[in-house]
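Data first, discussion second: the structure below is written as structure tokens.
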Amino acid sequence: MKAVIVGGGAAGMMAACKLLDEGHAVQIVERNDRMGRKLAITGKGRCNLTNNCDFKAFLENVPTNPKFLYGALGNFPPSATMSYFENELGLALKTERGNRVFPVSDKAADVIKAMTARLAQGDCRIEQRKVEEILVKDGRAVGVRAGGRSFEGDAVLLATGGASYPLTGSDGSGYKLAKALGHEIIAPKPSLVPVECYGHVCKALQGLSLKNTALSLYNTESEKKVFEDFGELLFTHFGLSGPMILSSSAHMKEMKAGKYRIELDLKPALSEEQLDKRLLADFSQNINKDFANALGALLPSKMIPVIVSLSGIDPARKVHSIKKEERAELVRLLKHFRLTVKGFRPIAEAIVTSGGVNVKEVNPKTMESKLVKGLYFAGEVLDVDGYTGGFNLQIAFATAVLAAKAMAEIE
């Protein structure tokens with residue numbers, strides 16, 4: 001059996017590796033001059049390969065079409081990904097906070113080297129061309145046309161990625177190829193993406209990173225909490241970024257300006273009553289100081305001017321004159337630091353794309369198209385996405401392995 005794989009990213013390379021393991025021939029058609037360009041920048045260049053969690057926990061971190069992944073994850077769970085890289089590809093791994101799995105070397109390049117080394121050991125040909133068309137004969141995918149040449153095989157795997165980070169080759173071209181064959185494409189939109197916020201607060205706090213912060217996301221139209229998290233975030237000149245923000249963006253459906261509000265609990269370890277006592281203690285130690293100079297033990301220095309301004313308390317006011325009601329407002333401000341979302345950053349800045357090939361048109365047991373025989377899908381081209389933390393790469397690997405398994409059974 002010979003498979004034609006469109007895309008040499010995480011999903012494409014994994015499918016190729018597994019097909020080679022079974023003794024099959026592979027033709028990869030990749031538009032870039034090297035394999036795994038997007039893989040090289042994941043995890044800030046460290047490559048968060050997967051998340052070392054169980055089936056239930058994994059699906060809880062997939063907000064879009066999690067049930068579609070039952071077969072793929074059941075066949076190739078995170079433990080299988082870790083075992084394959086360590087035992088078959090010889091790449092030592094480690095598990096860090098949040099069950100995130102990285103190569104021991106902390107180098108994404110080593111992940112790519114491990115996979116490409118396996119490709120070099122088998123009957124795998126790599127062609128640097130942009131695929132323009134999937135060739136279909138008698139209702140079956142039999143190859144692709146790329147750069148004026150035809151590459152034929154017994155099956156075709158579309159593993160082109162989404163529309164995020166277009167400079168790495170993920171420019172949405174796979175959607176066009178699938179659509180040309182009749183597949184419905186769920187409109188691509190950014191997921192795991194920084195957000196822009198109203199006002200000047202974020203710009204004033206630009207560069208400040210907060211850890212151990214609690215986040216709540218509200219729909220301002222219904223005033224319902226739609227997501228909550230605990231961890232890290234980063235203030236930027238345009239708004240907010242960081243792990244918690246990226247995850248919360250996946251829950252901002254049908255985005256429009258002002259529809260979502262983020263509330264930060266800057267002191268989650270303290271109740272409002274405990275925080276009030278903490279303020280009283282701090283004020284008593286700085287009883288003759290100006291209000292602006294009495295918060296140094298409570299907040300990062302960059303945040304103090306912003307909090308003072310938002311509190312409405314005169315920064316030159318002596319702390320001993322601050323009233324109980326004013327202190328209560330300050331407590332509420334610290335426990336409910338509000339920022340209204342203006343919108344997403346451009347899709348080019350998103351870690352992954354939400355949207356893609358409608359999974360209702362794909363067999364979840366094989367990843368084969370229900371419309372075109374011999375056409376398979378894997379990775380971000382599908383309308384499936386997870387949170388940050390290794391979940392999206394695991395989805396790419398699991399769907400690729402399941403597709404490879406089905407293709408290997410073609411006679």
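Structural remarks
- Theoretical FRET efficiency, 1/(1+(r/R0)^6), r = Cβ-Cβ of Lys203 and Arg317, R0 25 Å, to 0.05: 0.45
- Translational D in µm²/s for the range 194-344 (Stokes-Einstein at 25 °C, 0.890 mPa s, Kirkwood Rh from C-alpha pairs): 153 µm²/s
- On Cα atoms only, tilt of 108-120 relative to the major axis of the chain in degrees: 10 degrees
- Charge tally in the Cβ shell below 15 Å around Gly23, where Lys, Arg are +1 and Asp, Glu are -1, Gly23 excluded: -3
- For the chain, the longest principal axis of the alpha carbon atoms and the long axis of helix 10-21 meet at an angle near 40°.
- Across Lys18/Lys189; Lys94/Lys189; Lys94/Lys203; Lys56/Lys405, pairs whose alpha-carbon gap is larger than 27 Å: Lys18/Lys189; Lys94/Lys189; Lys94/Lys203
- Cα centroid separation - the range 219-242 against the range 376-411, whole Å: 29 Å
- Summary value for the range 194-344: 31 percent relative contact order, contacts being C-alpha pairs under 8 angstrom separated by 6+ residues.
- Compared with the dominant Cα axis of the chain, that is its longest principal axis, helix 272-285 is turned about 50°.
- Normalised by 2.2 N^0.38 Å, where N counts its residues, the alpha-carbon radius of gyration of the chain equals 1.15.
- Per residue Cα convex hull volume in Å³ - calculated over the range 1-157: 129 Å³
- Cα gyration tensor category, rounded, prolate or oblate, for the range 372-411 with a/c compared to 1.5: oblate
- Given their separation in residues at 0.36 nm each and the Cα-Cα distance between them, Ala92 and Lys324 gain 77.8 nm when the chain is fully extended.
- Other residues whose C-beta falls under 13 angstrom from the C-beta of Lys365 contribute a net charge of +1, scoring Lys and Arg +1 and Asp and Glu -1.
- Karplus-derived HN-Hα couplings along the range 57-70 (A = 6.51, B = -1.76, C = 1.60, θ = phi - 60°), whole Hz, x at Gly and Pro: 5, 4, 5, 5, 9, 10, x, 10, 6, x, 5, 4, 8, 3
Throughout, read-outs are computed from the coordinates displayed, never taken from laboratory work. Owing to the predicted nature of the structure, the values given are computational and were not obtained by experimental measurement. In this analysis, Cβ positions are derived from the backbone assuming ideal geometry, glycine residues included, and neighbour counts consider all displayed protein chains.
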